[in-house]
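Q: Submitted below is the structure of interest, expressed as structure tokens.
The values are calculated or read from the model by the stated rules, or taken from the named source; none is laboratory data. Keep in mind that what you see is a predicted model, and the values were worked out from it rather than measured. Here the Cβ is made from the backbone with ideal geometry for all residues, glycine too, and neighbour counts use every protein chain on show.
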Amino acid sequence: MTRDQFLNELWSHLAPVPEGTRKEWMFDYEEHFRMAAEHGKSEEESAGELGDPRLIAKEMLLGYRVSEAQSSGGSLPSVSKAVFAAVGLGFFNLVFVLGPYIALLGVLFALWAVSASLVLAALPVLYEGFIGDAFSFPLAGFIAMITIGLGLLLGAGCYRLTRGFLRLTLKYLQANTKMLKGRDAK
């Protein structure tokens with residue numbers, strides 16, 4: 001693979017990254033080829049030393065997505081983008097990152113749904129107490145306050161769980177990124 005082929009392929013695989021950041025990263029690889037040429041190495045040798053541009057791009061994209069998620073405060077969309085960038089690096093991440101991530105997101109979604117259901121359950125209880133004859137209005141008001149309170153408590157707990165889950169996922173992805181950088185340094 002020649003210098004231009006390597007750089008063009010790397011550039012195209014880094015398309016999700018803003019152009020300014022891409023140019024900055026590409027400068028380092030262009031510099032590598034320039035230094036290798038000064039030392040008498042061919043473009044093919046230099047490209048071979050660097051490795052597969054697709055894998056390099058995936059690792060760089062993971063690092064970018066993780067730093068983007070950190071700077072956004074660990075929001076669900078940014079952490080999810082980082083998780084999917086990690087999945088692109090291989091089967092291990094598909095099994096040990098994406099599977100648990102989706103399963104835990106499902107559990108969190110279910111908890112949020114239960115919380116909302118408890119809050120909304122107050123409406124039919126009040127309706128039954130006011131219109132129906134199952135129980136009196138004061139009892140319906142008391143039951144409605146209990147369901148709203150339980151729903152709000154569960155919602156507060158869900159909020160904390162969601163933030164903690166996203167924070168832990170981000171820490172795992174940071175460790176994964178450091179491990180990849182350590183592997184590349186060897």
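A quick yes/no check of all residues on (1) surrounded by fewer than 16 Cβ atoms within 10 Å (Cβ to Cβ); (2) closer than 30 Å to Leu180 by Cβ:
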residue: Val97; (1), (2): no, yes
residue: Ala103; (1), (2): yes, yes
residue: Val114; (1), (2): yes, no
residue: Ala121; (1), (2): no, no
residue: Gly132; (1), (2): yes, no
residue: Phe142; (1), (2): yes, no
residue: Ile146; (1), (2): yes, no
residue: Leu152; (1), (2): yes, no
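Q: Ok, one more. Of all the residues that make up the range 8-47, how many are touching a residue at least 40 places away in the same chain (Cβ under 8 Å) and within 16 Å of Ala57 (Cα to Cα)?
A: 8
Q: Please pick out the residue among Pro77, Pro16 that is surrounded by fewer than 16 Cβ atoms within 10 Å (Cβ to Cβ), in the same structural domain as Arg163 (by TED's automatic domain parsing) and under 27 Å from the mean Cα position of the chain (by Cα).
A: Pro77
Q: OK, next. So Glu128 fits all but one of (1) under 30 Å from Ala156 (Cβ atoms); (2) within 24 Å of the chain's Cα centre (by Cα); what number is the exception?
A: Result: Glu128 passes all but (2).
Q: Still on this structure, I have one more. If you check every pair at least six apart or on different chains, which have Cβ atoms under 9 Å apart with a residue in the range 134-153 that is touching a residue at least 24 places away in the same chain (Cβ under 8 Å) and within 12 Å of Ser117 (Cα to Cα) first and a residue that is buried (at least 17 other Cβ atoms within 10 Å of the Cβ) and hydroxyl-bearing (Ser, Thr, Tyr) second?
A: Note: pairs meeting the criteria are Leu150/Ser115; Gly151/Ser115; Leu152/Ser115.
Q: Identify all residues within the range 80-122 that are more than 25 Å from Arg160 (Cβ to Cβ), touching a helix residue (DSSP H, G or I) at 6+ places or on another chain (Cβ under 8 Å) and β-branched (Val, Ile, Thr); write none if there are none.
A: Val87
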